[in-house]
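Data block below; observations after.
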Amino acid sequence: MSKFQEGNKGKPKGAQNKVTKVIKEVIADLIDENNATFKEKLKKCSPYEYCRIHLELMKLITPRATELKVEDAVKFVIKRRDK
């Protein structure tokens, strides 16, 4: 392989490599095939395990938070209004 050359922007942000794409497809197929079994076993879990699994699965479908950098300090003034 040749070294990175000036002017080559590289892989676009968020682009997946071929292996990642194939692995995700295999996992999706596996989940689809075992969906009924998974649901039945999930019903038998304790409330704690059910919540733990639910939260772990939510991580897979919700966007990840990104770091926010604040360059300038922001001052908030909160005034109390009495009724």
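Couplings 3J(HN,Hα) of the range 23-33, computed from phi: 4, 4, 5, 5, 5, 4, 5, 4, 5, 4, 5 Hz, in residue order, whole Hz [Karplus 6.51 cos²θ - 1.76 cosθ + 1.60, θ = phi - 60°; x for Gly and Pro].
The stretch between Q16 and I61 holds 14.6 nm of extra length on full extension. This uses 0.36 nm per residue minus the Cα-Cα distance. Given the options Y48, I78, T62, identify the residue whose Cα lies farthest towards the positive end of the charge dipole of the range 16-83 (+1 on Cβ of Lys, Arg; -1 on Cβ of Asp, Glu). Checked the options; the winner is I78. For Kirkwood radius over Cα pairs in Å, computed directly from the structure shown, the correct entry in [x] 12.8; [y] 18.9; [z] 18.5 is [y].
Among K41, K69, K11, the residue with the largest mean-square fluctuation in a Gaussian network model of the chain, with springs joining Cα atoms closer than 10 Å, is K69. Beyond a 28 Å Cα-Cα separation, which of these cross-linked pairs lie in this structure: K9/K59; K9/K69; K13/K59? Flagged as over cut-off: K9/K59.
Laboratory data are not the source of any read-out in this text; all were calculated from the coordinates shown. Nothing here was measured: the structure is a model prediction, and the numbers come from that model. Backbone-built Cβ (ideal geometry, glycine too); neighbour counts: all protein chains shown.
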